[in-house]
1. Just the C-alpha atoms of the chain: what Rg/Rh do they give, with Rh taken as the Kirkwood radius?
2. GluC sites (Glu not before Pro) within the stretch 10-74: which are DSSP loop residues with at most 12 other Cβ atoms inside 10 Å?
3. Helix-only mean residue ellipticity at 222 nm, the chain, DSSP H runs n ≥ 4 weighted -39,500 (n - 2.57), per residue, nearest 500. What is it?
4. What list of ³J(HN,Hα) values in whole Hz, one per residue of the stretch 197-214 in order, does the Karplus curve 6.51 cos²θ - 1.76 cosθ + 1.60 (θ = phi - 60°) give from phi, with Gly and Pro shown as x?
5. Rounded to the nearest 0.05, what FRET efficiency do residue 102 and residue 67 give with R0 = 30 Å and r taken as the Cβ-Cβ distance? Could you check?
6. Taking H placed 1.01 Å from N in the peptide plane, check which residues at least 5 places from residue 127 or on another chain put their amide H under 5 Å from its amide H.
7. Probe 1.4 Å, all protein chains in place: accessible area of residue 126 in Å², nearest 10?
8. Taking amide H positions as placed 1.01 Å from N in the peptide plane, with prolines and chain starts having none, which residues 5 or more places from residue 194, or on another chain, fall under 5 Å of its amide H?
Amino acid sequence: MYQRIEGGEWRHVWVVSDIHGCYQRLMEELKRRHFNPYEDLLISVGDMIDRGPDSVKSLQLINEKWFRAVRGNHEQMAIDSLDNNDFALWTMNGGMWFSRLEHEEQQRARSLLNACRELPHIIEITCANGLNVIAHADYPTEEYRWQKPVSAQRVLWDRDRLMGFMVGKGQGISGADHFWFGHTPVERRYDFSNLHYIDTGAVFDGYFTLAQLQ
């Protein structure tokens, strides 16, 4: 469930909001920031696939040395669909691209989706700005601890904490300096205490948020 990365191995470290198949737009954003794939690292908050124009290319990022990702609920829906041979929920949530692929491309996509089984739910990385924890939707407890058992379902889906912040309730999470989440589209990046919600809806005519950790 957890993966630990040593930030000191990289020149710059960025965390990016939900990609949702918007591969070309992401490449343009990286170019604008002079991202160097030989020295820099990009970490995704999950949901690389669905809704946007190029889920396969976005999935292929997991094979790049300069890219890491946590699992999103959309990757989980795809995995569950393949396991159960039931594509209804995934299709309703943007997964129809998979059935439209030619056979060879679909086999490539299937292989990449199977590789997503190895994606962690939570990434911990120490950077110039301190200890960072990255998860898709939430870290569902009041205190972070490496390898602490938490609900995978809530890590992927939970919006309760963010909804509480929106009405002035709630507090940060102890045990790390920063927590980075995607999942829920917001008009702009929201920062509550040490929690950062960065899915600014690139696939919904919004924009990518890239936060530099070092």
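1. Rounded to two decimals, Rg/Rh equals 0.95.
2. Hits after loop and neighbour filter: 39, 64.
3. -7500 deg cm²/dmol
4. Each residue of the stretch 197-214 in turn: 10, 10, 7, 8, x, 3, 7, 9, 6, x, 8, 7, 9, 10, 9, 8, 8, 6 Hz.
5. It comes to 0.70.
6. Close amide H contacts, sequence-distant or interchain: 132.
7. The accessible area comes out at roughly 60 Å².
8. 172, 173
The values are calculated or read from the model by the stated rules, or taken from the named source; none is laboratory data. Since this is a predicted model, take the numbers as computed values, not measurements. Backbone-built Cβ (ideal geometry, glycine too); neighbour counts: all protein chains shown. For accessibility, only protein heavy atoms count, side chains too; no ligands or nucleic acids. Shrake-Rupley method; radii C 1.70, N 1.55, O 1.52, S 1.80 Å.
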